[in-house]
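In what follows, a structure is listed as structure tokens, so that the remarks can point back to it.
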Amino acid sequence: MKDEFDLPYPQYRCPQCDRDLPLNEARMTITCAEHQPDADLSFVVREARRGDKSSIEAICDKALGEVEVDTFGKTFDVMRGVNLIAEVDDKLAGLLSLAIDRGELVIVLLSVYPEFQGHGVGSALLRASTAYAREHGIQCIRVGVSNDDIPLMYFYQRHSFAIYDIAVGKLVDDSGSAVAGFSGIPSRDEIRLRRPICPSC
């Protein structure tokens, strides 16, 4: 396993010291509901427009270093997808990029800047994706998450996604070796989750 894995930018923020953390330095803590961040942030979620291109490219660069995402055995270009954005004071706070694949809606990328995490931005983006699916008659949303990304698996499962498949060794096959991911966990497998969309719920 590669010990060094340089990510383009910090993915999380420490609630104790407020330091932004790269993925492999972040650690899990268990807290009660009273010690969760307040969801008092004012933001707007909307579908991206042409003028948002540079902001979308910037968050992709910081999250991944590129605009292309490999998942479900395909390469998706964020710039060609349906992009939902969250704005705080007219500045991009988070992005949810979607693509339609085999009649289902695929979450290509969900990224929220560390300073806006824990305030309901990701949940609001996910609700907007559900609304998009309903409007377009799509009955299922699916997402691929690396096995190490425990916070993201927690997030999706809390939002009614269920694991339905594991592409064992997929990330190793793609990159040539396991790399240290969240909290130093080797990133090896793609965990696939999905959630049905009720047309009238």
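The values are calculated or read from the model by the stated rules, or taken from the named source; none is laboratory data. No experiment lies behind these values; they were computed from the predicted model shown. No Cβ is skipped: glycine too gets one built from the backbone with ideal geometry, and neighbour counts run over all protein chains shown.
Every condition in (1) at pLDDT below 95; (2) crowded, with 19+ Cβ neighbours inside 10 Å holds for D174 except the one numbered (2).
Do any helices (runs of 4 or more DSSP H) entirely within segment 88-201 hold 1 or more residues that are hydroxyl-bearing (S, T, Y) and farther than 25 Å from F43 by Cα, and if so, which? Give the derivation first.
Numbers: elements: 121-135, 150-158, 170-175.
Here the list reads 170-175.
Which residue, of R188, R192, R102, is free of Cβ contacts under 8 Å to residues at least 24 places away in the same chain and not small (G, A, S)?
Numbers: R188 fails: free of Cβ contacts under 8 Å to residues at least 24 places away in the same chain; R192 fails: free of Cβ contacts under 8 Å to residues at least 24 places away in the same chain.
After applying the criteria, what remains is R102.
Scan segment 150-179 for residues that are within 13 Å of the chain's Cα centre (by Cα) and in contact (Cβ under 8 Å) with a residue 60 or more places away in the chain and the total you get is 2.
Restricting to segment 133-142, name every residue that is crowded, with 19+ Cβ neighbours inside 10 Å and in contact (Cβ under 8 Å) with a residue 60 or more places away in the chain. Those that are crowded, with 19+ Cβ neighbours inside 10 Å and in contact (Cβ under 8 Å) with a residue 60 or more places away in the chain: A133, R142. Whether any residue in segment 65-79 is in contact (Cβ under 8 Å) with a residue 12 or more places away in the chain, in contact with a strand residue (DSSP E or B) (Cβ under 6 Å, 6 or more places away or on another chain) and either under 15 Å from Q11 (Cα atoms) or charged (D, E, K, R) (or both) is what I want to check. No: segment 65-79 contains no residue that is in contact (Cβ under 8 Å) with a residue 12 or more places away in the chain, in contact with a strand residue (DSSP E or B) (Cβ under 6 Å, 6 or more places away or on another chain) and either under 15 Å from Q11 (Cα atoms) or charged (D, E, K, R) (or both). Within the bounds of segment 50-60, is there any residue that is at pLDDT 95 or above, of a type in the set (D, E, K, R) and not in a helix (DSSP H, G or I)? For segment 50-60, residues at pLDDT 95 or above, of a type in the set (D, E, K, R) and not in a helix (DSSP H, G or I): absent.
For the condition touching a helix residue (DSSP H, G or I) at 6+ places or on another chain (Cβ under 7 Å) and assigned to a strand (DSSP E or B), L41 does not qualify. Residues of segment 154-183 that are under 17 Å from C140 (Cα atoms), out of contact with any Leu (no Cβ under 8 Å at 6 or more places or on another chain) and not charged (D, E, K, R): S160 alone.
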